[in-house]
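Enquirer: One structure, as C-alpha cells, below. Some questions next.
Quick note: the coordinates plus some simple rules give every number you see, no bench work behind them. Treat the numbers as computed from the prediction; the structure is a model and nothing was measured. Using ideal geometry, Cβ is built from the backbone for each residue, glycine included, and neighbour counts are taken over all protein chains shown.
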Amino acid sequence: MDSQDLARYIEQTDSIGKPWLLVQLRLAKLQENRPHLTENEYLEQLQDIQQDLMNLGEWWRGQEDQVFQPQSFTPKD
C-alpha cells in the first residue's frame with residue numbers, strides 16, 4: 001500500500017485518531033521520497049519518526065480489541 005492508499009484508508013475509516021497509522025503514513029512517504037534525500041536527511045527523518053513511535057508508549061494496553069480491530073478497505077479512486 002503506497003502513501004496515497006494509506007491516506008485514503010485513514011480518511012475513509014475515520015482513523016485520524018490512530019497514531020500508529022499516522023506513523024505508518026510518514027514511513028510510507030519517507031520511503032517514497034528516499035531517492036530525493038541525502039543519506040543524512042533520510043536518517044534524520046527516520047530518527048524523528050522512530051522517536052514519535054517510541055513516544056506513543058503502550059497506550060493501547062488493555063484495549064487491544066478496540067484499538068486493533070481489522071477493518072476492510074477498498075480504495076476509491
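Enquirer: Between Leu37 and Asp2, how high is the FRET efficiency from 1/(1 + (r/R0)^6) when r is the Cβ-Cβ distance and R₀ = 22 Å? Nearest 0.05.
Expert: Numbers: r = 17 Å, r/R0 = 0.78.
The value I calculate is 0.80.
Enquirer: Compute the angle between helix 39-56 and the longest alpha-carbon principal axis of the chain, please, reported from 0 to 90 degrees and rounded to the nearest 10.
Expert: For 39-56 against the chain, the angle is about 30 degrees.
Enquirer: Which of Leu27, Leu43, Leu53 ends up with the largest GNM mean-square fluctuation for the chain, with Cα atoms connected below 10 Å?
Expert: Leu43
Enquirer: Using Cα atoms only, what is the angle between the long axis of helix 19-33 and the major principal axis of the chain, expressed in degrees (0 to 90) to the nearest 10?
Expert: 30
Enquirer: What's the angle, to the nearest 10 degrees (0 to 90), between helix 3-12's Cα axis and the longest principal axis of the chain?
Expert: For helix 3-12, the angle is close to 30 degrees.
Enquirer: Take the chain, compute every pairwise Cα distance, and split them into 10 Å bins from 0; I just need the percent in each bin.
Expert: 17, 42, 32, 10, 0
Enquirer: As a test of the formula, what do you get for the chain when each DSSP H run with n ≥ 4 contributes -39,500 (n - 2.57) and the sum is divided by the residue count, at 222 nm and rounded to the nearest 500 deg cm²/dmol? Spell out each step's value before the answer.
Expert: Working: 4 runs with 47 residues, N = 77.
Value at 222 nm, helices only, nearest 500: -19000 deg cm²/dmol.
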